[in-house]
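What follows is one structure encoded as structure tokens, with my remarks underneath.
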């Protein structure tokens, strides 16, 4: 029988990982216009975020696909929640869409 506490923890880890990943992406995008080397900042941020996400997902997959699935589900749910929260562009950036 599966340990439901471990499954819940896997889901929580996915939620936390999603929050950290997308918060870091959001902060990186906000700072791109004020940095001296935007390409380095963007690629460096991407590399760090990918290493973190792939490391955690690999650790979950090694323990079993159930743990990976729940952590990935938590990651996607957090993505959806953050898109709903941050989805609208501030009025000062609406000229970009036109």
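Pairs of alpha-carbon atoms within less than 8 angstrom and 6+ residues apart define the contacts here; what relative contact order does the chain have, in percent? Could the numbers behind the result be given before it?
Details: 69 pairs, mean separation 43.9, N = 98.
Over the chain, the number comes to 45 percent.
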Rounded to the nearest 10, the angle in degrees between the Cα long axis of helix 65-86 and the longest principal axis of the Cα atoms of the chain comes to 30 degrees
Here, residue 63 and residue 86, labelled 7 Å along Cα→Cβ, have an inter-label distance in nm of 2.6 nm
Between the modelled labels at residue 7 and residue 31 (7 Å from Cα along Cα→Cβ) the distance in nm is 4.0 nm
So the FRET efficiency between residue 51 and residue 76, C-beta based with R0 = 22 Å and rounded to 0.05, is 0.65
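FYI, it's all coordinate maths here, none of it is from the lab. As the structure is a computational prediction, the values presented were derived from the model and not from experiment. Counting neighbours? That spans all protein chains shown, and the Cβs are built from the backbone with ideal geometry, glycine included.
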